[in-house]
Each structure stands twice: as C-alpha cells, then as structure tokens.
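In what follows, a structure is listed as structure tokens, so that the remarks can point back to it.
The values are calculated or read from the model by the stated rules, or taken from the named source; none is laboratory data. As the structure is a prediction and not an experimental result, all values here were calculated from the model. FYI the Cβ positions are ideal-geometry reconstructions off the backbone, even for glycines, and counts take in every protein chain you see. These area figures cover heavy atoms from the full protein model, side chains too; ligands, DNA and RNA do not enter into them. Shrake-Rupley method; radii C 1.70, N 1.55, O 1.52, S 1.80 Å.
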Amino acid sequence: DSSGVVRVDNLVDGFKLDGVNQRWVSDITYYRIGERLYYLTFIMDMYSRRIVGYSVSKNLRTLYTTMPAISKAVRIRKHIILDGLILQSDGGGQYYSNEFTKLTSKAGIINSMGVSCYENPNAERLNGIIKNNYLRHYAPKTFEQLEKMTNKAVRMYNTEKPHAALGKMNPVAFETKIKEMFKVKRINKCTL
C-alpha cells in the first residue's frame with residue numbers, strides 16, 4: 001500500500017507506443033529463500049518487452065534496488081537518446097527518492113506513477129513471469145545463486161521467450177528486426 005506517499009502524475013493513460021525507449025515500466029518484488037526475503041527490481045521496455053535493467057538485492061533501499069536497475073538500463077540504451085522516455089512505476093519510495101529522481105532527470109527520463117498495481121500491470125506481470133516461470137524452477141538456495149539465476153532468467157526471457165504481441169518473437173529478435181526495418185527505410189529515403 002503506497003497511499004499517502006509522494007507521487008508524480010500518471011502520464012501513460014492513453015499513451016500510444018510506436019517504438020522502443022518511449023515507455024519503460026518498473027516494479028520491485030520479493031523472492032523468499034527459506035526465512036529470508038530478497039528483492040528483485042526489473043525495468044522493461046513496453047514496446048519490445050525487453051528487460052533493459054534489473055537488480056537483485058538483500059534490502060529495499062534505493063541504493064540497492066532501483067538505482068542499479070536504472071543505471072543498467074541507461075547503460076544498455078546509452079546509444080539511444082532517452083529524452084522524453086516515460087518510466088512508469090508504483091508509488092514506492094525507491095521511485096521518488098532524491099537519488100533516483102536525480103539520476104532519471106539527468107538521463108532525460110520522465111517519472112510517472114500509478115496509484116495502484118492495476119496502473120502498472122505489465123511490470124506486475126513481468127515479476128510473476130520471472131519468479132514463477134524461471135526462478136521457481138531454478139530453485140536458488142542462496143543469495144549468490146539467486147543473483148546468478150536471475151541473470152539467467154533475464155537472458156532467457158529476453159532471447160527465448162516468444163510474445164504474441166511481438167509476432168511470436170522474443171524481445172531481442174523483435175528489436176533486431178525493428179533496427180533492420182529502420183535501416184532499410186533510411187536507405188530507401190536517401191536513394192529517392
């Protein structure tokens with residue numbers, strides 16, 4: 001329950017996507033090993049469904065959850081201008097902390113928040129897919145194994161999981177196809 005917290009406007013209602021790096025979604029979830037809770041943070045590009053950033057942490061502090069995930073996403077997408085990209089999240093403090101908003105602002109990312117989990121369903125669904133379709137079957141027993149298995153889960157999700165919304169392609173293949181189509185369009189325009 002994140003009612004009563006600092007909140008920014010929800011900017012994604014009715015937002016139409018036509019390319020990558022227009023809207024990312026993010027959420028933090030927990031993963032239990034024995035009596036201990038660990039935390040997984042994912043950032044996904046909504047157009048390609050590619051996980052562009054993530055972290056695995058022992059606590060919920062911003063420094064260990066959203067900061068490493070957004071830093072990784074910005075690093076992965078460094079060759080692309082991020083100005084105007086909207087990052088949709090819930091009202092968790094990790095998404096409105098000074099450190100996090102400074103980093104997103106510096107990258108040109110605009111923060112957007114839903115009031116409830118129903119306003120960030122794609123991030124919630126991603127959490128379930130990674131935990132239930134991958135990690136549960138890998139059955140990590142330690143934090144180190146959880147880190148290693150999360151890396152594997154993200155790699156498998158990005159390179160092998162087909163998505164109906166992507167014409168049954170995986171996110172990496174879809175992004176590759178988009179890049180190739182863009183190159184062909186650019187070449188055709190230049191030769192006209």
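Points worth noting:
- Mean projection area, nm², convex hull over Cα of segment 92-150: 5.5 nm²
- Total formal charge among the other residues, if their Cβ is under 14 angstrom from that of R155, Lys/Arg +1 and Asp/Glu -1: +3
- Cβ crowding within 10 Å averaged over residues, with 152-160, 20-28, 82-90 ranked highest first: 20-28, 82-90, 152-160
- Each Lys or Arg adds one and each Asp or Glu subtracts one; over the other residues with Cβ under 13 Å from the Cβ of G53, this totals +3.
- Highest to lowest packing among 136-147, 51-62, 169-180, scored as the average C-beta count within 10 Å: 51-62, 169-180, 136-147
- Global form of segment 39-94, assessed from the alpha-carbon gyration tensor, a/c cut-off 1.5: prolate
- Percent antiparallel among DSSP beta bridges (both partners in the chain, rounded to 5): 70 percent
- FRET E, pair D18, T142, Förster distance 45 Å, beta-carbon r, rounded to 0.05: 0.55
- nm² value of the averaged projected area, convex hull over the Cα atoms of the chain: 11.8 nm²
- Taken per residue, the accessible surface of the chain reaches 56 Å², heavy atoms only and a 1.4 Å probe.
- Relative contact order [Cα under 8 Å, 6+ residues apart], segment 46-143, whole percent: 23 percent
- Heavy-atom accessible surface of segment 83-159: percent carbon and sulfur, 1.4 Å: 50 percent
- Value of relative contact order over the chain, rounded to a whole percent, pairs C-alpha under 8 Å and six or more apart: 21 percent
- Convex hull per residue volume in Å³, alpha carbons only, for segment 23-120: 96 Å³
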